[in-house]
Amino acid sequence: MRVALDTNVVAYAEGVGDDWRKDHAAHLIGLIGAENLLLSSQVAGEFYNVLTRKDRKSRAEAVRIVQEWVDTFPFVSHQPETFADALRLARDHQFQIWDALIVCVAAANGCRLLLSEDMQDGFVYRGVTVANPFAETLHPLLASLLDTLSERSE
């Protein structure tokens, strides 16, 4: 199953935030595997901002870190049609435009899940389900994926 990552999950995995979220995000990413994950240009850009503003990394260090993520995971940018779709999603469902763009890029690239702490857990758009990987009770689609992956790794 193809899974898209939101900025908060990437930032936590990189160590921005508390230790539990860092360990949990890194574990999920490792379990799902780089080949099944998707990193969008919007997320990479937001990640750069988090690193420089919140984590106070130098711009050079932030570039190095973001580039490592871009080199590790399938990386995609939006197309004009995807941006138009994001505008409609933002209008129709009161999403912030940049969150809508992340959802629409995930949909355009065949993702079934989008891992995000900030978006509405359980929201479904064009086959993409938003799931909060840090929720006390995981969305059933995410829980099922993790169960399957855990069984395979045993």
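Are there any trypsin sites (Lys or Arg not before Pro) in segment 106-152 that are in a DSSP loop and have at most 15 other Cβ atoms within 10 Å? List them by number.
ARG126
Once the Cα-Cα distance is subtracted from the 0.36 nm per residue extended length, the ARG152 to PHE83 segment shows a gain of 21.1 nm. A simple spin-label model places pseudo-atoms 7 Å from Cα toward Cβ; at ALA135 and ASN49 they are separated by 2.5 nm. Note on the chain: Kirkwood hydrodynamic radius from all Cα pairs is 15.6 Å, rounded to one decimal. In order along segment 71-78, the phi-based Karplus estimate (6.51 cos²θ - 1.76 cosθ + 1.60, θ = phi - 60°) of 3J(HN,Hα) comes to 6, 8, 10, x, 10, 9, 10, 7 Hz; Gly and Pro are listed as x.
Taking all protein chains as present, what is the carbon and sulfur share of the accessible area of the chain, in % to the nearest whole number, probe 1.4 Å?
Solvent-exposed carbon and sulfur of the chain make up 47 percent of the total.
Near LEU37, the amide H atoms lying under 5 Å from its own belong to VAL3; only residues 5 or more places off or on other chains count, and H is placed 1.01 Å from N. Applying both filters, DSSP loop and at most 10 other Cβ atoms within 10 Å, to the chymotrypsin sites (Phe, Trp or Tyr not before Pro) of segment 110-153 eliminates every site. Remark: segment 40-147 carries 53 Å² of accessible area per residue (probe radius 1.4 Å; ligands, DNA and RNA excluded).
The values are calculated or read from the model by the stated rules, or taken from the named source; none is laboratory data. This is a predicted model, so every value here is computed, not measured. Because the Cβ atoms are built from the backbone with ideal geometry, glycine has one as well, and the counts that use them run over all protein chains shown. Surface areas here come from the heavy atoms of the whole protein model, side chains and all, with no ligands, DNA or RNA. Shrake-Rupley method; radii C 1.70, N 1.55, O 1.52, S 1.80 Å.
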